[in-house]
1. Which sequence of H292, H83, H4 reflects their accessible areas, 1.4 Å probe, from the largest down?
2. Grab the beta carbon distance between E233 and D133, set R0 = 45 Å, and tell me the FRET efficiency rounded to 0.05.
3. How many percent of all Cα-Cα pairs in the chain sit more than 38 Å apart?
4. How much length would be gained if the chain were fully extended between R29 and R70, taking 0.36 nm per residue of separation minus their Cα-Cα distance, in nm to one decimal?
5. Report relative contact order for the chain in percent, whole number only (criteria: Cα-Cα under 8 Å, sequence separation at least 6).
6. Length gain on complete extension for the stretch L51 to T169, per 0.36 nm per residue less the alpha carbon to alpha carbon distance?
7. At what distance in nm do the modelled label points of L78 and V2 sit from each other, each positioned 7 Å from its Cα along Cα→Cβ?
8. Give the share of C-alpha pairs in each 5 angstrom bin for the stretch 132-184, from 0 to the last occupied bin, in whole percents, shortest bins first.
Amino acid sequence: MVPHVGPDSRVFREVRDLGAKLDALDPVRGSRLRARVAILWDWNSFWAQDLPCRHSVLMRHREQMRRVYRWLWQRGTLVDFVHPESGLEGYDVVIAPASYLLSEVAAQGIARFVDQGGRFAALPFSAVVDDEDCVHEGGAPGPLRTVLGLTVEEVCPIPIGHEVALVPTDGGTAVATGALWAEDLRLEGARAVWTATGGPVPGPVVTVNDHGRGYAVYVSTVLESADLATVLEPLLQLPSVAPLAADAQRPASLEVVTRVQDDGEEFVFVINHGEAAALPGLTGEDLLTGTHYDGTTPVPAGGVLVLRIGA
């Protein structure tokens, strides 16, 4: 932090500036994030899924995670990453992008979550093996069979460069495209909401199954982030995200995270990841400058804004 040229340098000035900004954020101490959406993450599942002896080396754990997180980040949804065996209380929606390995304990927790009114979604190649990397008896989705209301009879990787058209079963005009992966599903209580019109396994691709007071969604093909939004957003009834610009268009470059104190006071962090200035439709006390932010000054590229909204 102190280069050879000494403290009279850009690096040291930036370090001192950062320290001053952190000191100005003292009111934020003790505040908490309140995510209503959780993504299941498990290192053991990561390692097991990425072993070379799989049906397709393209079904990588990290890429499946990235697709889901990119979709949620782009819509401004705050998420927690939680272990599958963690308590899921307090969340409205839980998504398992890549739970290839899933223990009986984790499955029981997911079943309780759905039974108590939660909304759960599992993506392809889920619950194939247990926590010792042994195939679940009866095949996938193993201990989630009752919750998801289906059995995967066969997996059918889609050749590189090929895609499968998906259409909703309600006659709607929305369209989506699956790639890399297909599964032959036997529905055992679940109902199909999207079907494949071709590919190796024409038929049900996205299903919904009522379970207790909640329901579970299963997606048996790989969807890019835009298609995840088309397919899953209405099914999961994700928390709404208010637009941050006066023209009601959310600036794509802005990351916005709200922290809340126990007394209800809110602190909104706005980070501009883009290459151009962007204007958030927010007002409040700017903690970094100690002045009132009236919403008329754009956040520069690479800039940060921290607003105290009030109790």
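1. H4, H292, H83
2. Computed FRET efficiency for E233 and D133 comes out at 0.85.
3. So the portion of pairs separated by more than 38 Å is 27 percent.
4. Working it through step by step, the gained length comes to 11.9 nm.
5. For the chain, the relative contact order is 15 percent.
6. Result: 38.9 nm gained on full extension.
7. Distance between the two pseudo-spin positions: 3.9 nm.
8. Each 5 Å bin holds this share of Cα pairs: 4, 16, 17, 16, 21, 16, 7, 2, 1.
The values are calculated or read from the model by the stated rules, or taken from the named source; none is laboratory data. As the structure is a prediction and not an experimental result, all values here were calculated from the model. All Cβ positions, even for glycine, are placed from backbone atoms using ideal geometry, and neighbour counts span all protein chains on display. What goes into the accessible areas is simple: the full protein's heavy atoms, side chains included, and nothing from ligands, DNA or RNA. Shrake-Rupley method; radii C 1.70, N 1.55, O 1.52, S 1.80 Å.
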